[in-house]
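Structure, as structure tokens:
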Amino acid sequence: MNQPAEFKTRVNYSKTRQARYIAHLDTIDIICKALRRIHLSYAVTQGCHVRPKISFGPPLPLGHASYCEYFVITLLQQPDPEALKTALNRELPQGMEVLSVECPWIDKKSPAVGEQVEYRLHFSSQATADRARSWLLNPESAFQVVRKGETRKYTIGKAVQRADMAEADSGWQLQAEFIQGLADVPSVSKIVTALAEQLGESRDDFYLLERIALKEL
């Protein structure tokens, strides 16, 4: 029996505004329901628990905005990228928006060994932004994380590749590049949580965090 043609398709989307408080698993559920509502013809897995052949990018920490989320789905018909983009956007909640559709999508042959992630950190105070930048760029900056009763110590090390400060319309921002997903390298989420603690009473000056680019290493 001939196998049906399959078209691997990558859908790039953003999560901003209130949607940044939607957890990763809930995001997956929202997208899968949207795909069913538009009657998209997609391939499914085999076995007892049939589900779409779909994979998602790295989880976005709760509260982080992002302009570089994505999922890859295997379709049974070649899509019209603009039509698929429009149809999905009609079904997604406010704050989630499909930015582009890429088909055919070719996965990397070698498994990823980490991620290079770019963020914008927004501050209402120049002094707080400068203080945050100094802490991020110091490889010796140390913090600890308590999880399930166990304390683990971290240093920034090579996690922060750069952090450029610039004035913005509503204050100041840092455009920072991070490496994560490697052994003994703290995640962006851990670093940002520690940064807020380091800022102490000035933490309210740090009011928004946006993931703007993500690349597998």
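The values are calculated or read from the model by the stated rules, or taken from the named source; none is laboratory data. On a predicted model such as this, the values are computed, not experimentally measured, just so you know. Neighbour counts are summed over all protein chains in view; Cβ atoms, including those assigned to glycine, are modelled from backbone coordinates with ideal geometry.
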Members of region 147-194 that are buried (at least 19 other Cβ atoms within 10 Å of the Cβ), of a type in the set (Phe, Trp, Tyr) and either closer than 25 Å to residue 23 by Cβ or out of contact with any strand residue (DSSP E or B) (no Cβ under 9 Å at 6 or more places or on another chain) (or both): 178
Within region 45-86, considering residues that are within 16 Å of residue 101 (Cβ to Cβ) and charged (D, E, K, R), the one surrounded by the fewest Cβ atoms within 10 Å (Cβ to Cβ): 82
Per-region count, region 69-87, residues more than 25 Å from the chain's Cα centre (by Cα) and in contact (Cβ under 8 Å) with a residue 60 or more places away in the chain: 3
Lone qualifier among 202, 134 - being polar (S, T, N, Q), surrounded by 15 or more Cβ atoms within 10 Å (Cβ to Cβ) and on the phi < 0 side of the Ramachandran plot: 202
Flag for residue 107 being at pLDDT below 95 and within 30 Å of residue 75 (Cβ to Cβ): yes
Only listed residue being touching a strand residue (DSSP E or B) at 6+ places or on another chain (Cβ under 8 Å) and within 15 Å of residue 34 (Cβ to Cβ), chosen from 84, 76: 84
Qualifying residue in region 84-98 (condition: touching an Asp or Glu at 6+ places or on another chain (Cβ under 7 Å), in the same structural domain as residue 29 (by TED's automatic domain parsing) and under 30 Å from residue 53 (Cβ atoms)): yes
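Quick one: is residue 40 touching a Phe, Trp or Tyr at 6+ places or on another chain (Cβ under 8 Å), modelled with pLDDT under 95 and either part of a loop (DSSP other than H, G, I, E, B) or in the same structural domain as residue 98 (by TED's automatic domain parsing) (or both)?
No.
This table checks each residue for (1) in a strand (DSSP E or B); (2) in contact with a helix residue (DSSP H, G or I) (Cβ under 9 Å, 6 or more places away or on another chain); (3) at pLDDT 95 or above.
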site: 139; (1), (2), (3): no, no, yes
site: 144; (1), (2), (3): yes, yes, no
site: 154; (1), (2), (3): yes, yes, no
site: 157; (1), (2), (3): no, no, no
site: 163; (1), (2), (3): yes, yes, yes
site: 176; (1), (2), (3): yes, yes, yes
site: 184; (1), (2), (3): no, no, no
site: 195; (1), (2), (3): no, yes, yes
Condition check for residue 42: of a type in the set (Ser, Thr, Tyr), surrounded by 13 or more Cβ atoms within 10 Å (Cβ to Cβ) and closer than 12 Å to residue 92 by Cα: no
Among (1) closer than 29 Å to residue 163 by Cβ; (2) surrounded by 14 or more Cβ atoms within 10 Å (Cβ to Cβ); (3) among the charged types (D, E, K, R), the one test that residue 102 misses: (1)
Complete set of residues in region 89-134 that are in a helix (DSSP H, G or I) and either without any contact (Cβ under 8 Å) to a residue 60 or more places away in the chain or of a type outside the set (Lys, Arg) (or both): 89, 90, 91, 126, 127, 128, 129, 130, 132, 133, 134
